[in-house]
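*Asks:* Handing you a structure now.
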Amino acid sequence: MAALQCAPAWDAPIIAVWNDPFPSLIAPPPYGHGLEERLPLVYRRFLGRIGARAAWHVFPSKHLRSYMLSTLPAAVASRSSVIPHMAGRAWTSSDAAVGRGHMVITHAGGLLPNRKVGALFDGAHRWTIANPESSIRFRFIGPQRELLLDEAQKYGCAAICDFVPEVSNTRCRELLGESDVLLVVEAQTPQGIFLPTKFVDYAETCRPILALTPTDGTVSDYLRGYGGGIAVDGASPEQVASALSVLHGAWRKGLLFTSFSSSRLSPLFCQETIVRAYQDIFQTVLKDCKNEVSLV
């Protein structure tokens, strides 16, 4: 809104960055009502204005770009790019399991109500029943201890779960770095259009990632295309149990980081890659502006 008001006075081009569906009314369920939702006139006008006025549009994933193009003017398709979120400096990968008798899987941040954990705990319970002598512990960092504990108890998993209250960013990084596997749980949307910033932050640690995610989506594209972990259908306890078996087997053999380190994802999100992508856009936009001035 500020850009639309100020840009004409400064004769400045606008670059619109769409991190999520806008407005939230059209976000896929369970966050919104999907693209079939009839938008109020004020939103339709805004999308039309920003779509026409912005010199370039940036989306963090190809899935979100495709999703939003259905609501924006057709010309946006030729004036848009996919640039993921930017991570910080990558950590040095190491084996966090040295001297520990169990594999630790850590999740940081909120989950319920939209990010369901039933399949996670069901799959974990199935795995522990099949592997009674092996040990996996889940660690949840965040504010939802009681809600998550209730869910864990439903599936007989409370004994293998630890809960850490909200902590500082520095302490959270330390806990993530001490973990063996990092956990992403996405809402079961019809299509995985989101690139969770959590996923990018996890890649920064170089720790393997276990993602419960829509089968067709951004996170699964990254993990299946580049490695760095395992993506499973977030509604399938069978797939969760199978992934736990693979990860624990690699951990037990000392091959977890050799096989699944997310360090291979870090170059995709590093500062140099993202800044270079934006610099290319700036050059294109400024060149177009100069050409328009010369034509006038």
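*Asks:* Rolling a 1.4 angstrom probe over the protein heavy atoms, how many square angstrom per residue are accessible across the chain? Kindly include the intermediate steps, with their values, before the conclusion.
*Replies:* Details: 14480 Å² over 296 residues.
I get 49 Å² per residue for this part.
*Asks:* Could I ask something else about it? Provide 172, 157, 6 ordered by accessible surface of protein heavy atoms (probe 1.4 Å), highest first. Write down the numbers at each step before the final one.
*Replies:* Working: 172 25, 157 0, 6 50 Å².
The ranking, largest first, comes out as 6, 172, 157.
*Asks:* If you don't mind, there's one more thing I want to ask. Around residue 1, under 14 Å between beta carbons, what's the net of Lys plus Arg minus Asp minus Glu among the other residues?
*Replies:* Working: positive: 45, 49, 53; negative: none.
Charge balance in the 14 Å sphere: +3.
*Asks:* Considering all alpha-carbon pairs of the chain, what whole percent are spaced by more than 34 angstrom? Present the calculation step by step, with values, prior to reporting the outcome.
*Replies:* Numbers: 12757 of 43660 pairs.
Here the tail beyond 34 Å accounts for 29 percent of pairs.
*Asks:* Where the accessible area of the chain is counted over protein heavy atoms with a 1.4 Å probe, how much of it, in %, is carbon and sulfur?
*Replies:* On the way: 7810 of 14480 Å².
The nonpolar share, carbon plus sulfur, comes to 54 percent.
*Asks:* Ranked highest first by the average count of other Cβ atoms within 10 Å around their residues, in what order do 131-144, 209-222 fall? It would help to have the intermediate numbers written out before the result.
*Replies:* Numbers: 131-144: 16.0, 209-222: 22.9.
Descending packing order for the listed peptides: 209-222, 131-144.
*Asks:* Let me ask you something else. Check which residues have an amide H placed less than 5 Å from residue 108's amide H, if you skip close sequence neighbours.
*Replies:* Result for residue 108 returns 141, 183.
The values are calculated or read from the model by the stated rules, or taken from the named source; none is laboratory data. Since this is a predicted model, take the numbers as computed values, not measurements. For neighbour counting, all protein chains shown are included, and Cβ atoms are generated from backbone atoms with ideal geometry for every residue, glycine included. Note: areas computed on protein heavy atoms with side chains; ligands, DNA, RNA excluded. Shrake-Rupley method; radii C 1.70, N 1.55, O 1.52, S 1.80 Å.
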